[in-house]
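Here is the structure we will look at.
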Amino acid sequence: MTRTLARSSQWAIALLLIGIGPVHADALDPAAGLVLQITPLAKAVGRPPESGSDALKRDLSVLRWLQFTRNPRGVAQAWSFLNLAPAEFEPAVGSVFGKTAPQIQSGLPFFVKRVQQVKDLLKEEIARPRPYVAHADLQPCLPKEFSNSYPSGHATWYTTTSLLLADLLPQRRERLLAVGRQGMAARVTCAIHYPSDVEAGQRLAQAAVAQILGSPQWQSFKASVQPEVNALLTPPVAGLPELFD
């Protein structure tokens with residue numbers, strides 16, 4: 001990397017957000033004390049494509065093709081993935097978290113937050129502009145966002161949440177991962193992110209979840225929510241809903 005998170009000021013921020021912060025977290029935080037190792041996560045994310053590279057040309061080709069071919073149904077689907085809440089995965093599970101699994105609904109975001117904090121650090125360090133900022137011909141079909149672009153926060157969130165839920169509910173794994181992929185794809189469909197932003201967010205989430213799943217905090221949380229897991233696996237009488245294709 002030309003610039004690196006190893007610089008002392010950035011490591012100080014990282015330690016504050018990811019190392020020290022959880023020690024003082026609310027007593028109801030099941031991820032309290034969880035420290036993600038940033039160096040392997042930064043390596044997994046890598047750097048965005050350079051100007052003039054084949055990878056950037058591929059990014060732009062995908063965005064321009066999607067802009068040319070997108071339709072009202074696809075745009076409406078992209079809007080349906082704006083929110084970042086466990087409830088977005090309820091159709092995949094076939095139950096309502098707030099009623100059936102309140103402990104999962106309230107506890108899971110604490111683990112996801114640790115990954116999002118790493119994402120925020122990397123976004124600030126890499127500082128890639130959004131595609132519609134750098135290329136005036138790209139017209140987003142979701143509300144514009146003015147934070148940096150790489151890695152994608154939505155891709156990080158949707159992948160992290162889908163993988164953690166899949167660990168709790170392996171019986172719904174494919175459905176959960178499908179929703180995660182749809183949440184990521186929406187950002188490219190509407191030119192909010194380059195494809196490489198989304199891929200980087202996915203890599204970050206996968207690497208971070210590997211750390212989370214091996215932590216004592218996750219193992220304790222997973223054991224504590226087993227009654228809710230069992231309740232979630234009871235499908236509606238008419239069966240599970242069809243997901244977007």
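For the range 186-229, the set of residues classified as farther than 26 Å from Gly98 by Cβ, surrounded by fewer than 23 Cβ atoms within 10 Å (Cβ to Cβ) and aliphatic (A, V, I, L, M) consists of Ala207, Ala210, listed by residue number. Considered as a group, the residues in the range 79-127 that are basic (Lys, Arg) and surrounded by fewer than 21 Cβ atoms within 10 Å (Cβ to Cβ) include one that is nearest to Gln226 (Cα to Cα), and that residue is Lys99. Of the listed requirements (1) surrounded by fewer than 24 Cβ atoms within 10 Å (Cβ to Cβ); (2) more than 15 Å from Val62 (Cβ to Cβ), Gly183 misses just one: (1).
Within the range 106-124, the set of residues being β-branched (Val, Ile, Thr) and in contact with a Gly (Cβ under 6 Å, 6 or more places away or on another chain) is empty. Any chance the range 217-237 includes a residue that's part of a loop (DSSP other than H, G, I, E, B), under 24 Å from Ser152 (Cβ atoms) and within 19 Å of the chain's Cα centre (by Cα)? Scanning the range 217-237, I find no residue that is part of a loop (DSSP other than H, G, I, E, B), under 24 Å from Ser152 (Cβ atoms) and within 19 Å of the chain's Cα centre (by Cα), so the answer is no. When Gln171 is tested against the conditions (1) part of a helix (DSSP H, G or I); (2) farther than 29 Å from Ala223 by Cβ, the lone failure is (2). With the condition kept exactly as written, say whether any residue in the range 193-203 is closer than 22 Å to Val45 by Cα and among the acidic types (Asp, Glu). Yes: the range 193-203 contains one or more residues that are closer than 22 Å to Val45 by Cα and among the acidic types (Asp, Glu).
Taking the range 45-154 as the region of interest, the helices (runs of 4 or more DSSP H) fully inside it that hold 2 or more residues being farther than 30 Å from Gly239 by Cα and not basic (Lys, Arg) are 54-69, 102-126, 131-134.
Here Ser147 meets each of (1) of a type outside the set (A, V, I, L, M); (2) within 16 Å of the chain's Cα centre (by Cα); (3) surrounded by fewer than 17 Cβ atoms within 10 Å (Cβ to Cβ); (4) over 29 Å from Phe68 (Cβ atoms) with one exception, condition (4). Of all residues in the range 56-75, those being under 18 Å from Met184 (Cβ atoms) and either surrounded by 11 or more Cβ atoms within 10 Å (Cβ to Cβ) or touching a strand residue (DSSP E or B) at 6+ places or on another chain (Cβ under 7 Å) (or both) number 9.
No lab work stands behind these numbers, since they all come straight from the coordinates. A quick note: this is a predicted structure, and the numbers were derived from the prediction, not measured. Don't worry about glycine lacking a Cβ; one is built from the backbone with ideal geometry, like all the others, and counts go over all protein chains shown.
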